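Here the structure is laid out as structure tokens; the discussion comes afterwards.
The values are calculated or read from the model by the stated rules, or taken from the named source; none is laboratory data. Bear in mind the structure is a predicted one, so any value in this text is a computation, not a measurement. Here Cβ is always computed from backbone atoms with ideal geometry, including for glycine, and neighbour counts include all displayed protein chains. Please note that ligands, DNA and RNA were not included when accessible areas were found on the heavy atoms of the full protein model with its side chains. Shrake-Rupley method; radii C 1.70, N 1.55, O 1.52, S 1.80 Å.
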Amino acid sequence: MNATSSEQAPGRIVLLTTSHRVAPGLLSWPAWQALHAADRVLCSDGAHPQLPYLREAGIRIDDAAPTAEELVDVCAGGRTVVVVATGEGEPALTDGLARLAGSGRVQMPDLELLPASYDLPGARLLDLVQVMDRIRAECPWSSQQTHKGLAKYGIEEAYELVEAIEEGDRDELREELGDVLLQVVFHARIAEEDPDAPFSVDDVAAGIVTKLIHRHPHVFGDETASTPEEVKEHWLRTKAVEKQRTSVTEGIPLGQPGLALAAKLASRVRTAGLEVPLPQLEGVGYELLALAVRAEAAGVDPEAALRAAARAYRDAIKETEGRSRSGGGEPHGQVS
């Protein structure tokens, strides 16, 4: 290439993006290659978390925020310029470059978007923890909440999640899973402030990770399981060793809905191989207990079955109300 063509070469712009959810300095090899080979490295944010690590690696970074026109001029003569993007990206710069390219009046440098680090699966959970920490510190309502005060919301969100699952609404399911996750993170954040027995969301995650590994020896250990039934046997056996319970009823929350409670008790009895006769007493409660036990034995969730029947009943009510209104009369039970 002769001097004239070299001077006319438009050069190259590399927009380097990084994830704040990955430890600074952990960049991809192509990113390091681009940084070391660049004629200039620019960054408009002097507090960018990557800068100390780049400088430690021998990269010279100029604190500059050039316009699109200025950046194109810097690249003239075939030079390569790497722009270390801020957390918000560089919208003003990229919009300006797009306008220049669209004008057709400027010989544009080659443009390249180079992700230097990627989010790992679950990385957005770090954002949730950070947001919850700030809300707990700065929100007048959230800063005053306690475990007991939030308990009712946990129950409500769990029911709304179940409803989303039963309705088959994918968008609603995603939202309700987020609401349930919020309850976990919120309670963990409150727990950090306990003066006697504090714990954090990391402690919560560590506990469930340990439990899952221990109760899945067929995945993380030497045992084998080829059917769901064998998996359940492993789970129950390791759980029994962990808990050292003296009764199959231990660990069953009595505050759950009645049908679910009855079905859970029946499940524990059946799994343990016990022969426990049902109380032979009169009353609707004992009739419902017998129905719940029968449903559990047949593999039916009585709580879900009743909810499905209740929804059908609700639809029938609305249909009757609609017919009443269309007929000019008032629905039964409505007081004028």
If you scan the range 176-199, which residues turn out to be surrounded by fewer than 16 Cβ atoms within 10 Å (Cβ to Cβ) and more than 17 Å from the chain's Cα centre (by Cα)? E192, E193, D194, P195, D196, A197, P198, F199
For the range 204-217, check the following and say yes or no: at least one residue is hydrophobic (A, V, I, L, M, F, W, C) and over 29 Å from R124 (Cα atoms). no
I'd like the full set of residues that are surrounded by 12 or more Cβ atoms within 10 Å (Cβ to Cβ), at pLDDT below 90 and assigned to a loop (DSSP other than H, G, I, E, B), limited to the range 256-303. Q256, P257
Flag for L306 being assigned to a loop (DSSP other than H, G, I, E, B) and either modelled with pLDDT of 90 or more or within 30 Å of E163 (Cβ to Cβ) (or both): no
Within the range 142-160, identify whether any single residue is more than 19 Å from H187 (Cβ to Cβ), open to solvent by 90 Å² or more (accessible area, probe 1.4 Å) and within 22 Å of the chain's Cα centre (by Cα), and answer yes or no. no
From the list A64, A85, which one is without any contact (Cβ under 8 Å) to a residue 60 or more places away in the chain, among the aliphatic types (A, V, I, L, M) and touching a Cys at 6+ places or on another chain (Cβ under 9 Å)? A64
Taking the range 103-142 on its own, how many of its residues are touching a Lys or Arg at 6+ places or on another chain (Cβ under 6 Å) and polar (S, T, N, Q)? 1
Just to verify a result, which residue in the range 5-20, among those that are modelled with pLDDT of 85 or more and within 31 Å of the chain's Cα centre (by Cα), is surrounded by the fewest Cβ atoms within 10 Å (Cβ to Cβ)? S19
Is one or more of the residues making up the range 45-61 in contact with a His (Cβ under 8 Å, 6 or more places away or on another chain) and surrounded by 14 or more Cβ atoms within 10 Å (Cβ to Cβ)? yes
I want to confirm something. Restricting to the range 67-123 and keeping residues that are of a type in the set (A, V, I, L, M, F, W, C) and open to solvent by 70 Å² or more (accessible area, probe 1.4 Å), which single residue is farthest from A31 (Cα to Cα)? A92
Identify, please: which residue in the range 187-238 is at pLDDT 90 or above and of a type in the set (S, T, N, Q) and is, among those, nearest to K152 (Cα to Cα)? S200
Unmet criterion (only one of (1) open to solvent by 40 Å² or more (accessible area, probe 1.4 Å); (2) without any contact (Cβ under 8 Å) to a residue 24 or more places away in the chain; (3) on the phi < 0 side of the Ramachandran plot) for G168: (3)
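Residues are listed down the side, and each one gets a yes or a no for (1) free of Cβ contacts under 8 Å to residues at least 24 places away in the same chain; (2) of a type in the set (S, T, Y):
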position	(1), (2)
A101	yes, no
R105	yes, no
P109	no, no
P115	no, no
Y118	no, yes
R134	yes, no
P140	yes, no
A164	yes, no
L182	no, no
Criterion first (acidic (D, E) and without any contact (Cβ under 8 Å) to a residue 24 or more places away in the chain) does E90 satisfy it? no
